[in-house]
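As structure tokens, the structure follows; a few thoughts come after it.
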Amino acid sequence: MSNTFLEIEPEYSRYNTSKFVVVPCPHETSTSYGKGTKNGPQAILNASYNIENFDEELKFETYKKAGIHTMTPCSAGRLPSTINKILKDKKTPIVLGGEHSITPYAVEAVFSNFPKLSVLQFDAHADLRDKYHGNKNSHACAMRRTLEICPVVQVGIRNISPEEYEFAQKSGQINNMHFANQLESVEKAIAQLSEYVYITFDVDAFDSSVMPSTGTPEPGGFFWYEVLNILKLVAKNKKVVAADFVELMPIKGFSAPDFTVAKLIYKLMGYLSR
Ligand SMILES: [Mn+2]
């Protein structure tokens, strides 16, 4: 069991001297098929203990360069005030879900600090339903709620309902929606983002062979280096001010997907520390 990201020594993980603040948010109320996203944050922290701290691509140890602090787990209700404080302290919050419904809470807090914010969503699903099983705050509505706050650019999409598709067409959101089989539009997608960017990464954006540990896995998704290339481009061209990684549903005794998410988070931190 690891209580902090990477379990690094206090010298590099104190709040005051850290650029990144990891906020575990094990919120789960509305998952549809699989259950267990509430165990996601702990699985990511456990896996992070085993990742190599030297970034083989960037040739530095990100944690020494930037500092990474990990907070005690936070409820969805406390997420906005927590994120607000982290941003006021000029740090970058990295939220670990939990289900995708936490994203609008987090985005609202980030938007109040960065009015020129837009969101880059990695996801298999459009998540644009107005309601799901009568619930406006379901994870299936996460991006519809987020869209009520600021613009959203979607990549990796390959699961959308007729109602969502109709909404996307009527609202114009369809122009900011990039389907998984249109990878060539990645640069266009990044150009659609505003100066300040919040990244929300639903792990089901990955191909289901890479990421079986999620409630609603989908074939036809991203592979590792495709995702890294997008993150690299965004980090280079925009100011990424916050991120979340959601919907990991760890499978007991099968740690590769947990490791993938932990390493992905560390890669993003590296790209943001160059
Ligand atoms: Mn989602």
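The values are calculated or read from the model by the stated rules, or taken from the named source; none is laboratory data. These numbers were taken from a predicted model, which means no experiment stands behind them. With ideal geometry, Cβ positions are generated from the backbone for all residues, glycine too; neighbour counts draw on all protein chains shown.
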Wholly enclosed strands (runs of 3 or more DSSP E) of region 109-188 bearing at least 3 residues in contact with a strand residue (DSSP E or B) (Cβ under 9 Å, 6 or more places away or on another chain) and within 13 Å of the ligand (Cβ to nearest atom): 117-122, 152-157
Output the residues belonging to region 1-35 that are within 19 Å of ASP202 (Cβ to Cβ) and either crowded, with 18+ Cβ neighbours inside 10 Å or hydroxyl-bearing (Ser, Thr, Tyr) (or both). VAL22, VAL23, PRO24, CYS25, PRO26, HIS27, GLU28, THR29, SER30, THR31, SER32, TYR33
Just to be sure before I move on: is LYS64 part of a helix (DSSP H, G or I), more than 30 Å from PRO217 (Cβ to Cβ) and in contact (Cβ under 8 Å) with a residue 40 or more places away in the chain in the structure I sent? yes
For region 200-215, how many residues are surrounded by fewer than 24 Cβ atoms within 10 Å (Cβ to Cβ) and over 12 Å from HIS100 (Cα atoms)? 5
For SER185, are the conditions met, namely being under 19 Å from LEU231 (Cα atoms) and either free of Cβ contacts under 8 Å to residues at least 40 places away in the same chain or surrounded by 20 or more Cβ atoms within 10 Å (Cβ to Cβ) (or both)? yes
Hey, THR103 buried (at least 21 other Cβ atoms within 10 Å of the Cβ), within 11 Å of CYS25 (Cα to Cα), of a type in the set (S, T, N, Q) and in contact with a helix residue (DSSP H, G or I) (Cβ under 7 Å, 6 or more places away or on another chain) or not: yes
What is the one condition in (1) at pLDDT 95 or above; (2) within 16 Å of the ligand (Cβ to nearest atom) that THR216 does not satisfy? (1)
Cβ contacts < 6 Å: first residue farther than 22 Å from GLU218 by Cα, restricted to region 119-142; second residue more than 8 Å from the ligand (Cβ to nearest atom) and assigned to a loop (DSSP other than H, G, I, E, B), any location; separation 6+ or different chain. Result? ASN135/SER30
Pairs, please: C-beta under 6 Å, at least 6 apart or cross-chain, first residue buried (at least 16 other Cβ atoms within 10 Å of the Cβ) and part of a helix (DSSP H, G or I) and in region 77-93, second aromatic (Phe, Trp, Tyr) and at pLDDT 95 or above? LEU79/TYR105; PRO80/TYR105
Going through (1) buried (at least 18 other Cβ atoms within 10 Å of the Cβ); (2) not in a strand (DSSP E or B) one by one, GLU57 fails only at (1)
Which condition breaks for TYR196 when tested against (1) at pLDDT below 95; (2) aromatic (Phe, Trp, Tyr); (3) more than 12 Å from the ligand (Cβ to nearest atom)? (1)
Return yes when THR260 is among the polar types (S, T, N, Q), assigned to a strand (DSSP E or B) and touching a residue at least 24 places away in the same chain (Cβ under 8 Å) and no when it is not. no
When you scan region 220-256, how many residues do you find that are within 16 Å of the ligand (Cβ to nearest atom) and either more than 16 Å from GLU99 (Cα to Cα) or assigned to a loop (DSSP other than H, G, I, E, B) (or both)? 6
Counted residues, region 11-48 - those being at pLDDT 95 or above, more than 19 Å from the chain's Cα centre (by Cα) and not β-branched (Val, Ile, Thr): 7
